[in-house]
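Quick notes on the structure that follows.
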Amino acid sequence: MTRKIVLIDDHVLFREGVKRILDFEESFEVVAEGNDGDEALALVEKYKPDVVLMDINMPHINGVQATKKLFAKYPEVKIIILSIHDDENYVTHALKSGAQGYLLKEMDSEALIEAIKIVSEGGAYLHPKITHNLVKEFQRLSKVETGGLEEVEYRKPLHLLTRRECEVLQLLADGKSNRGISETLFISEKTVKNHVSNILQKMNVNDRTQAVVMAIRNGWVEVL
């Protein structure tokens, strides 16, 4: 299946670099490029892409505003925001506007490709650093709501996952990418992907973020 992609970013050099990465994937086709939110709206109407990769900071209509308009008119189109901001306020606004993914521009090619594949299939994808930040904020808010009195006992979910899968789940909560997990555990990235897939299936969740949030709620991982 070929995934049609529209790429929107007003920094031409960055856009060209992203396009080169996407061109190496046989299942990806960049059908159009644009500089701002206005062009995003016009190009989506013309090309009906599967995925829109869009910068958050652009002139005229920014990425969040354009996402909101696109989601209202073309809810079937998946939108991934590209950003230099890891603040949860930016992430929250983007997701509330209809984005299914949020990537930091410091991403590697693996994360970019993985995000497009997951989002195009109906899942959600957040940059690993964003996941870690949101989990820490979730934990902070939970303590505030309970007055800091409720403590969840940390225990590995060995009733559900293997010991290796528990290690991978902890590293996901630490904000590690597949490559980071691979380097930490001295296993191949393909093996990491298999472990992550098994974790999602066993936990009955759609993506990494849901898995980490569930793990935090149940005390299955430690958040430093």
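The values are calculated or read from the model by the stated rules, or taken from the named source; none is laboratory data. Small disclaimer: the values here were computed from a predicted structure and weren't measured. Every residue, glycine as well, gets a Cβ built from its backbone with ideal geometry; the counts of neighbours run over all protein chains shown. These area figures cover heavy atoms from the full protein model, side chains too; ligands, DNA and RNA do not enter into them. Shrake-Rupley method; radii C 1.70, N 1.55, O 1.52, S 1.80 Å.
Within region 31-39, the presence of at least one residue that is surrounded by 21 or more Cβ atoms within 10 Å (Cβ to Cβ) and under 24 Å from Asp86 (Cβ atoms) is confirmed.
Condition (residue is β-branched (Val, Ile, Thr), assigned to a helix (DSSP H, G or I), at pLDDT 90 or above and crowded, with 21+ Cβ neighbours inside 10 Å) applied to region 123-143: is it met by at least one residue? Within region 123-143, not a single residue is β-branched (Val, Ile, Thr), assigned to a helix (DSSP H, G or I), at pLDDT 90 or above and crowded, with 21+ Cβ neighbours inside 10 Å. Figure legend. Inter-residue proximity from region 175-202: first residues under 21 Å from Glu222 (Cβ atoms), second residues in a helix (DSSP H, G or I) and of a type in the set (Ser, Thr, Tyr), beta-carbon distance below 7 Å, spacing 6+ or different chains. Indicated pairs: Gly175/Thr131; Lys176/Thr184; Val192/Ser182. Across region 75-105, which residue is most open to solvent (accessible area, probe 1.4 Å) among those that are in contact with a Lys or Arg (Cβ under 8 Å, 6 or more places away or on another chain) and outside any strand (DSSP E or B)? So the residue we want is Ile84.
Within region 115-129, the only residue that satisfies the criterion of being closer than 15 Å to Ile5 by Cβ and in contact with a helix residue (DSSP H, G or I) (Cβ under 7 Å, 6 or more places away or on another chain) is Tyr125.
Inside region 1-50, can you point out the residues that are under 14 Å from Lys78 (Cα atoms) and either assigned to a loop (DSSP other than H, G, I, E, B) or hydroxyl-bearing (Ser, Thr, Tyr) (or both)? Across region 1-50, the qualifying residues are Tyr47, Lys48, Pro49, Asp50.
Considering region 162-200 alone, what residues qualify as being assigned to a loop (DSSP other than H, G, I, E, B), open to solvent by less than 60 Å² (accessible area, probe 1.4 Å) and either more than 25 Å from Lys117 (Cα to Cα) or modelled with pLDDT under 90 (or both)? Matches in region 162-200: Asp174, Gly175, Ser177.
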